[in-house]
Amino acid sequence: MTMQATALAHPNIAFIKYWGLRDEALRLPANDSLSMNIGCLNTTTSVTFDDHFKADVLVINKQQVTGKALVRVSRFLDRLRQKAKQPLFAAVESTNNFPIGAGLASSASAFAALVVAGSGALGLSLTEKELSSLARFGSGSACRSIPGGFVEWRTNQASDESYAFSIAPHNHWQLVDCIVILSKAHKVVGSEAGMRSAVTSPLQNARIADTPRRLALCRSAILQRDFGALARVTELDSNMMHAVMMTSDPPLFYWHPASLEIIKAIQTWQIEGLTATYTLDAGPNVHVICPQENMSEVLSRLREFPGVIDILKGMPAGPARLLP
Ligand code: DP6
C-alpha cells in the first residue's frame, strides 16, 4: 500500500518577531507575532507512506539527511500517524529554491509543506487552524506559513488555540521583500538554542510586555497600508529582538558588519525620501522591505554594497497548499 501527496509552502518574514518559548514541550511562544509569506521562495515536499518501508527517510535538496534533522521529522510524522491511526513509515523528499539555515526561515516553509503533504497523504482532512497548530510543533514560525498573505500568530494558553490566521490576503498590499544574502553558511547558534537563552536577557521581559502595543501598531499599519508606520514598528521590533540576543548569556551577535552598513544606509535613504525598511531574523541577511514601485531603485542601491552574495525578491504570497 502506498499513499502519497505533495505540497508547497512559502517561508515568511516576521514584522513582529517570535523569540522565546513560554512552553517548550507545546512550543507555545512567549509573545504574539505577525508576518508576511514570501513568494518566489518555496519549499516543495512529497511524502510517501508505504508498508514496505522499514524506517522514515528524509531527502533535502537531493541529499539524504540523517541524525537530528531526521529525528525531528520522524517525531513530527508520529503526530500525523497518531491522528490517522496509521503506523506506516514515510519517505519525505523536500526541495528548497533558496539557501537553508541562513536566517531565511527554511524550517517554516519546510514544516508547513510537511504537515500539508503528510496529512494529505494520510487522507486526514484538517482545517487551516488544525494544520497551523500542528505545524507549530515542527517549528514555531511554520504555523505562520500555513495561512496566506499577512498572518498573525497568537500565543494562547491552550495548545489547540495557538495557531496562525490571515489578517489580510497576499494581494492586499504590493510590498517586496528584497533579501540581501551576506552569508549562505549555516548559522552557528540556531533559533532553538538561541531562544532557550532569551530568558537570560534582562530585556526579554520588557520586549514581551510591550508586544501587544507593537502588534496593534503593526496590524493597523498593514490594514491601512501605512508604510511609514509599518517601517517604524518593524525596525523597532527587529532591533528589540536583536537587543535581547546581544544581551543573552552567552551573547548572540547575528549581525555582520555589512548588515549594519545596510541598516545605516536605509536610515539615510529614508531621510532622502526613499521608502524602505529593514528587519533581520536569526542571521546576518537583511530583509529590505519596500513598496513594489521602489524595488528597482532599492535593488540597484543594495547591489553596490561589498559583501552582497545575492539578493532574493519576494512579493506577499498565498497559503501552503497541496499540489496536484
Ligand atoms: C528570528 O520558528 O525557526 O525568525 O520554533 O525553534 O523552529 P523554532 O524557531 P523558528 O524561529 C524563528 C525566529 C525568528 C523570528 C520569527 O520568525 O518570528
*Looking only at the stretch 212-242, count how many residues are of a type in the set (S, T, N, Q) and under 21 Å from residue 263 (Cα atoms).*
3
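For the stretch 269-324, name all the residues that are assigned to a loop (DSSP other than H, G, I, E, B), more than 17 Å from residue 39 (Cα to Cα), of a type in the set (A, V, I, L, M, F, W, C) and open to solvent by 50 Å² or more (accessible area, probe 1.4 Å).
309
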*Scan the stretch 258-284 residue by residue and report those that are within 17 Å of residue 304 (Cβ to Cβ), touching a residue at least 12 places away in the same chain (Cβ under 8 Å) and not hydroxyl-bearing (Ser, Thr, Tyr).*
258, 261, 262, 263, 265, 266, 269, 274, 276
*Return the residue satisfying two criteria in turn: it lies in the stretch 1-58 and is under 24 Å from residue 117 (Cβ atoms) and among the aromatic types (Phe, Trp, Tyr), and of such residues it is nearest to the ligand (Cβ to nearest atom).*
18
*asked:* Suppose we keep only residues that are touching a Leu at 6+ places or on another chain (Cβ under 7 Å) and modelled with pLDDT under 95 within the stretch 125-161. Which one would you say is surrounded by the fewest Cβ atoms within 10 Å (Cβ to Cβ)?
replied: 159
*What are the residues in the stretch 176-218 that are open to solvent by 50 Å² or more (accessible area, probe 1.4 Å) and within 12 Å of the ligand (Cβ to nearest atom), if any?*
187, 192, 193, 196
*Please identify the pairs in which a residue from the stretch 292-303 that is free of Cβ contacts under 8 Å to residues at least 12 places away in the same chain has its Cβ atom under 7 Å from the Cβ atom of a residue that is open to solvent by less than 60 Å² (accessible area, probe 1.4 Å) and not in a helix (DSSP H, G or I), counting only partners at least 6 apart or on another chain.*
303/311
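The values are calculated or read from the model by the stated rules, or taken from the named source; none is laboratory data. Predicted, not measured: the structure shown is a model, and the values here were computed from it. Cβ: placed from backbone, ideal geometry, glycine included. Neighbour counts: every protein chain shown. These accessible areas exclude ligands, DNA and RNA; they are computed on the full protein's heavy atoms, side chains included. Shrake-Rupley method; radii C 1.70, N 1.55, O 1.52, S 1.80 Å.
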